[in-house]
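Worksheet for the structure shown next.
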Amino acid sequence: MAKLLSNPCCHSSSATFFCFHNESLCSSRKLTTLPTLGHFSKWAPKNFARIQLRSDFELRSSNGYPLNAVSLQDGSVVNPLAEEAIFSESAEGDSTLSITVVGASGDLAKKKIFPALFALYYEDCLPEDFVVFGYSRTKMNDEELRDMISRTLTCRIDKRENCDDKMAQFLKRCFYHSGQYNSEEHFSELDCKLKEKEGGRLSNRLFYLSIPPNIFVDVVRCASTRASSTTGWTRVIVEKPFGRDSESSSELTRCLKQYLTEDQIFRIDHYLGKELVENLSVLRFSNLVFEPLWSRNYIRNVQFIFSEDFGTEGRGGYFDNYGIIRDIMQNHLLQILALFAMETPVSLDAEDIRNEKVKVLRSMKPLLLEDVVVGQYKGHSKGGKSIPGYTDDPTVPNNSITPTFAAAALFINNARWDGVPFLMKAGKALHTKRAEIRVQFRHVPGNLYRLNFGTDLDKATNELVLRVQPDEAIYVKINNKVPGLGMRLDRSDLNLLYKARYPREIPDAYERLLLDAIEGERRLFIRSDELDAAWALFTPLLKELEDKKIAPELYPYGSRGPVGAHYLAAKHNVRWGDLTGEE
């Protein structure tokens, strides 16, 4: 057994050229790999190389800058290696990419990760020489895995004639290994299979942890000691939740960093990969019409709204342990808020952007219980049909007070945003499915047409809306004269509807984030100090809610949520933009 663990397999295979070649989504790219630094975790590769590829294959990350692959830096490292190996053009083909989906039999892997990988392959965004491995405790073979994931693979709406062929080719690159998540022996067996496919070439390995957070550390420990690359880079994508509070999150980070450097950890928040969230900084920083208005001088309030028209069907047991604040607000909505409110970064470099996001999070006022409303959906009868409530779920305790709805008012203590309320609202079992950012501007001072609006000046308020889902769109509400002899004003939209302007199907967020992780682009992933700042904001509130056993306000399934959310908005002189009836 000891011999197996130290040298578990031998292998041989022919080299295949490692390249990127798509003119539409994936521009020509150049991959640069930095040398390793000395004396840190076993997870780090022992040998790194800089690969000089031809300019025809220049690898660029999603921010448009030439890619620098993972730089393995750790605070404890002070003596980087002085030499680096330079591969000649003849060695360019000696590179492989191995992607291992840990938790391959789970819903997330089947519905999101494997389809996203196929979409990248379909668009020629993956290197020519790659393999995909599924790893989980479920007993199955390669063919059974291929059959399982083939049911969820789809081609683009504008699919080419070779769709079926591409799907068959992709499935041939998919393999499976069954094992326990805490077994080093089983990960050694996985390493053996990976090496067999890699054929002695420089290997880059990406692990996607699509598993519950309580087994993150076991998997990372086993993979780091038995299945990491010894010649190229190794990276790990970690799914939320990243703990339940500041303490558990810090402990998780500490444990992961026993085996990984910060640069190897890619904490994924799929909302940061949404097209409209990606476009947020473009809209602001590349349009002169918006940037001068982006402050307390012109913006009255900002709203981040997330609603689902279904309950916790099938996830009641998991959800009851976290609640809507941990599940949506502390990560998705707060990350979008930080992107929205940050100062102009020095560059589009990942670290420059994340530095500005951290400044926003650290500038925020502590969340007070009086600025928060929590709710929970209840069952009711509609049209003779009985609709179950949250506690009717058999996996949820009958006396559960876990919120399925929350609204909060947050404030940023800096010169740009002082006094501007940032309102968040997230809930399940509401009247519609929606995710959007709404920016309500101040009233026009001394408006000449105020009499035409009557007493409701909110109807004269300009509003910028970024609809993240469904039907992605950006629109601005303006005041306009209705054609005719009279002077009647109307509130109209200047509308950019994505499906009308861009008929090509929008890539799923997981596609963008997986591609960025492969390329070493960290701009859309969460750094550990971002995570600490986010939890520092919400942990005291969560502790107070749980210690005082605050009972959530009940609201009917399919309604607009608790009445308390309207009072919270009114307290800050705000009207929820999604409840005006104009949508």
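The values are calculated or read from the model by the stated rules, or taken from the named source; none is laboratory data. Predicted model, so just to flag it, every value in this text is computed and none were measured. Virtual Cβ from ideal backbone geometry, glycine too; neighbours counted across all protein chains shown. Each accessible area value is taken on the protein alone, full model and side chains, heavy atoms only, with ligands, DNA and RNA left out. Shrake-Rupley method; radii C 1.70, N 1.55, O 1.52, S 1.80 Å.
A few comments on the model shown:
- Count of the stretch 549-577 residues, restricted to those that are among the aliphatic types (A, V, I, L, M) and buried (at least 19 other Cβ atoms within 10 Å of the Cβ), is 4.
- Per-region count, the stretch 272-293, residues touching a residue at least 24 places away in the same chain (Cβ under 8 Å) and not in a helix (DSSP H, G or I): 2
- Flag if residue 133 is under 15 Å from residue 209 (Cβ atoms), touching a helix residue (DSSP H, G or I) at 6+ places or on another chain (Cβ under 8 Å), of a type in the set (Phe, Trp, Tyr) and assigned to a helix (DSSP H, G or I): no
- The lone exception for residue 353 - which of (1) touching a residue at least 60 places away in the same chain (Cβ under 8 Å); (2) open to solvent by 70 Å² or more (accessible area, probe 1.4 Å); (3) in contact with a helix residue (DSSP H, G or I) (Cβ under 9 Å, 6 or more places away or on another chain) it fails: (2)
- Criterion (aromatic (Phe, Trp, Tyr) and open to solvent by 60 Å² or more (accessible area, probe 1.4 Å)) met by exactly one of 502, 498, 390, 475: 502
- Residues of the stretch 136-146 that are open to solvent by 10 Å² or more (accessible area, probe 1.4 Å), touching a strand residue (DSSP E or B) at 6+ places or on another chain (Cβ under 6 Å) and in a helix (DSSP H, G or I): 142, 146.
- Sole exception among (1) open to solvent by 20 Å² or more (accessible area, probe 1.4 Å); (2) in contact with a helix residue (DSSP H, G or I) (Cβ under 7 Å, 6 or more places away or on another chain); (3) among the charged types (D, E, K, R); (4) within 25 Å of residue 251 (Cβ to Cβ) for residue 530, by number: (1)
- Of the listed requirements (1) open to solvent by less than 30 Å² (accessible area, probe 1.4 Å); (2) free of Cβ contacts under 8 Å to residues at least 60 places away in the same chain; (3) not in a helix (DSSP H, G or I), residue 149 misses just one: (3).
- From the options 381, 347, residue that is in a loop (DSSP other than H, G, I, E, B), of a type in the set (Gly, Ala, Ser) and open to solvent by 20 Å² or more (accessible area, probe 1.4 Å): 347
- Looking only at the stretch 202-235, and only at residues there that are touching an Asp or Glu at 6+ places or on another chain (Cβ under 9 Å), among the small types (Gly, Ala, Ser) and farther than 20 Å from residue 516 by Cβ, the one that is surrounded by the most Cβ atoms within 10 Å (Cβ to Cβ): 227
- Checking 245, 191, 165 one by one, the residue that is open to solvent by 20 Å² or more (accessible area, probe 1.4 Å), farther than 24 Å from residue 115 by Cβ and either in contact with a Leu (Cβ under 8 Å, 6 or more places away or on another chain) or of a type outside the set (Val, Ile, Thr) (or both) is 245 and no other.
- Scanning the stretch 397-409 for residues that are aliphatic (A, V, I, L, M) and either under 13 Å from residue 426 (Cβ atoms) or open to solvent by 10 Å² or more (accessible area, probe 1.4 Å) (or both) yields 401, 406, 407, 408.
- Only a single item in (1) under 26 Å from residue 369 (Cα atoms); (2) outside any loop (DSSP other than H, G, I, E, B); (3) open to solvent by 10 Å² or more (accessible area, probe 1.4 Å) is not met by residue 296, and it is number (2).
- Only residues that are modelled with pLDDT of 90 or more and either closer than 23 Å to residue 361 by Cβ or among the basic types (Lys, Arg) (or both) were counted in the stretch 498-511, giving 0.
- Any pair with Cβ under 7 angstrom, 6 or more apart, that starts in the stretch 107-124 at a residue that is within 15 Å of residue 270 (Cα to Cα) and touching a residue at least 24 places away in the same chain (Cβ under 8 Å) and ends at one that is open to solvent by 50 Å² or more (accessible area, probe 1.4 Å) and in a helix (DSSP H, G or I): none
- Per-region count, the stretch 536-564, residues within 22 Å of residue 391 (Cα to Cα), touching a Lys or Arg at 6+ places or on another chain (Cβ under 9 Å) and among the aliphatic types (A, V, I, L, M): 2
- Any chance residue 396 is of a type in the set (A, V, I, L, M), touching a helix residue (DSSP H, G or I) at 6+ places or on another chain (Cβ under 7 Å) and not in a strand (DSSP E or B): yes
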